[in-house]
1. What are the residues in region 21-33 that are away from the ligand (no atom under 14 Å from the Cβ) and hydroxyl-bearing (Ser, Thr, Tyr), if any?
2. What number of residues within region 259-276 satisfy the criterion of being within 15 Å of GLN239 (Cα to Cα) and hydrophobic (A, V, I, L, M, F, W, C)?
3. What pairs come out if I take residues in region 224-243 that are closer than 25 Å to LYS565 by Cβ and pair them with residues that are not in a helix (DSSP H, G or I) and not hydrophobic (A, V, I, L, M, F, W, C) whose C-beta lies under 7 Å away, six or more apart or interchain?
4. Looking only at region 496-506, how many residues end up being outside any loop (DSSP other than H, G, I, E, B) and in contact (Cβ under 8 Å) with a residue 12 or more places away in the chain?
5. Identify, by number, the condition in (1) under 24 Å from SER181 (Cβ atoms); (2) more than 23 Å from the chain's Cα centre (by Cα) that SER260 doesn't meet.
6. Taking the options LYS112, LYS123, name whichever one is over 15 Å from PRO350 (Cα atoms), among the charged types (D, E, K, R) and surrounded by 24 or more Cβ atoms within 10 Å (Cβ to Cβ).
7. Please go through region 34-80 and pick out each residue that is within 15 Å of the ligand (Cβ to nearest atom), among the aliphatic types (A, V, I, L, M) and surrounded by fewer than 19 Cβ atoms within 10 Å (Cβ to Cβ).
8. THR67 passes all but one of (1) more than 23 Å from ASN339 (Cβ to Cβ); (2) modelled with pLDDT under 95; which number fails?
Amino acid sequence: AAMRESRIKRTKTVCTFCGVGCSFEVWTKGREILKIEPSVDAPVNGVSTCVKGKWGWDFVNSEERLTKPLIRKGDRFVESTWEEALDLIQSKLGNVKETHGPHSIGYISSSKCSNEENYIFQKFARAVMGSNNVDNCSRYCQSPATSGLMRTVGMGGDSGTMVDIQMSELVIIVGANPAESHPVLATRVKRSHKLTGQKLVVADLRKNEMAERADVHLHPKPGSDLVWISAVTKYIIDQGWAAKHFLDKRVNGYEEYVKSLDIFTLDYAEQVTGLSKQQIIGVAEMVHESRSTCILWAMGVTQHMGATDTSTAICNLLLITGNFGRPGTGAYPLRGHNNVQGACDFGTMPSYMPGYEKISDPLVRTRYEKAWGVKLSEQAGYDNHQMVDGIQNGDLKALYLYGEDMALVDANSNFVEEMFEKLEFFVVQDVFFSRTAQYADVVLPASPSLEKEGTFTNTEKRIQRFYQVFEPLGESKPDWVIIQEVANRFGAGWNYTHPSEIMAEAASLAPLFSGVSYERLEGWKSQVWPVGPDGAGTPILYTDRFHFPDGKANLFPVKWTPPYKPEEQYDLHINNGRLLEHFHEGNLTYKSEGIRHKVPGTWLEVSEELAAERGVKDGSLVRLVSPFGQVKVRVLVTDRVKGKELYLPMNTPDPEEAINRLTSSLFDIVTHTPNYKEMNVRMEVLEKD
Ligand code: SF4
């Protein structure tokens, strides 16, 4: 028994299936995963995990893994050596750069990959290739939340940690379903709600699990959150309940903001949102009566045309009531991918260097130019959305994308695929041959987190290390190794031998991370940014000052943008979100046998009223048609959705039934995040039984 035990290896890792950032040990023998063992020392989750963290790892040994580079030959892909693949990238990408200039290439980074990988990818785009056309998939989810925070309080991250959410007297969740999307975080809220008298308000179209538990479930009309939130804020001010002392001392723009609220009367809010005046007053009273309020939000807010403004309205409400800078208060956009926060933090954004310093600031550029020995472009880069448009109008000729299945996850996927066809050269780097890889000229085999080292940053800005469990499968390599090899083909001359060296460089350049180091992150240790030179983190932001030169926050007036609605024949609203068991587009979890066995596919949630009207029942097959495409799906009749509102989980194993066959190319005006949540469809019944 002792012998057997000695062959068992235990390695600490950080979960890659959502932004909560649970950590645990992986027990392995050879390449076999024996079990996942959480620990009381894990800073986020202690001994808890959810089904994905516990059972979602078999994909690393899947036979479908990419183990060799692939090169397109006509309609086929053939295996190649690394040498051949890198030669081809060097000559083709080099050629595009030479012929059409550095800005004719786009770089799409990955919020599934590590902080170090994101850091060197943006360095590759900027310092080696000469372009700021670098973005990551937070563009599809959380950019509006980041913008709302930057406008009002100045930092693009959660204001506190999960401890604050747990200890808050009132938690308001808007357009999110943490019970399925952030399960371990949801457990904390459920516990506090049950045991400590914490109050819970949930605003969501769907009666999800958190809404069922809530003291108040608000079901506003789709896309109208800004209006009820602003009406709650106005009511609080009108009652004289604003946090006068806090506002006087710490906030700018009060007078102008109050004027901007004139329109948000209870009558107007009732008419636009469909909520009753009493419901709106009820929420205002709950905020007033609570000594601490946290607001959590996610894609139900951020995937709309007015998403940045709604995120701003949330921050305005928290400012008016003095709910920043104290334990139990603050704004919490819930990050989806495990490293959405880190990808943005480490600079894979077109206008920001690592640590949210503007590329347009000459002092910032000079600091990096000195360190990197190059001249940086001042030209603001394209975001993901602009890159796709750039292909259409001929500005963008080549793309380098890693750890992202853009053909599935971008809105209006039919259009995106059409654009990929037009690229002169396309590099895709991934663990599996994704839908997007079909359009590539070169596909590079990457290693998932269990086969490399690095750090991830969770939704509460907590940086944690993960360690290598296995050797890379076949000839696959860690993304940072591949990016370095490609960069060196373009004369970078890099010789990073370990991700810790990349982090050390980032920490020396970006003040937000100045005291971050691998030693300080050893084992179960973690750091919450901003991290001072002495290594001390900042679990609660804004205790003394907001992140603006005068230290004061800004109330930022906003207007409501009505959601997109196609013509009347599209009579049903379709909403989308996640399933507990699956991760995003499902390209990892559907390859994990246990999870696939439990939940082999998705379904369309249809209300009891609509099912009766259309004569459908559980298992009926329907076609949904939007102005942009169509899908065929099976029906599940449920009381979670109401009336003419449908719900389709986005985690499908079948690209032909993906929600993004239906969504449009419209977007949030400020950040270009697609309005995935604003779509109407019509339903055709194909099989009733
Ligand atoms: Fe992983 Fe999120 Fe589940 Fe934690 S809650 S185990 S981070 S998927």
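1. Kept after step one, since they are away from the ligand (no atom under 14 Å from the Cβ), are these residues of region 21-33: 27-33.
Listed by number, the list holds a single entry, THR28.
2. Restricting attention to region 259-276, the residues satisfying the condition of being within 15 Å of GLN239 (Cα to Cα) are 261-262, 264-266.
Subsequent filtering for residues that are hydrophobic (A, V, I, L, M, F, W, C) retains 261, 264, 266.
Selection size over region 259-276: 3.
3. ASP225/GLY175; LEU226/GLY306; TRP228/PRO220
4. Start the filter on region 496-506 by keeping residues that are outside any loop (DSSP other than H, G, I, E, B), which leaves 499-506.
Remaining after also requiring in contact (Cβ under 8 Å) with a residue 12 or more places away in the chain: 499-500, 502-506.
Qualifying residue count for the region: 7.
5. The failed condition is (1).
6. Working: LYS123 fails: over 15 Å from PRO350 (Cα atoms).
The match here is LYS112.
7. Hits for region 34-80 are ILE36, VAL47, VAL51.
8. Of (1) more than 23 Å from ASN339 (Cβ to Cβ); (2) modelled with pLDDT under 95, only one is false for THR67: (2).
The values are calculated or read from the model by the stated rules, or taken from the named source; none is laboratory data. As the structure is a computational prediction, the values presented were derived from the model and not from experiment. Reconstructed Cβ throughout: ideal geometry from the backbone, glycine too, with neighbour counts over all protein chains shown.
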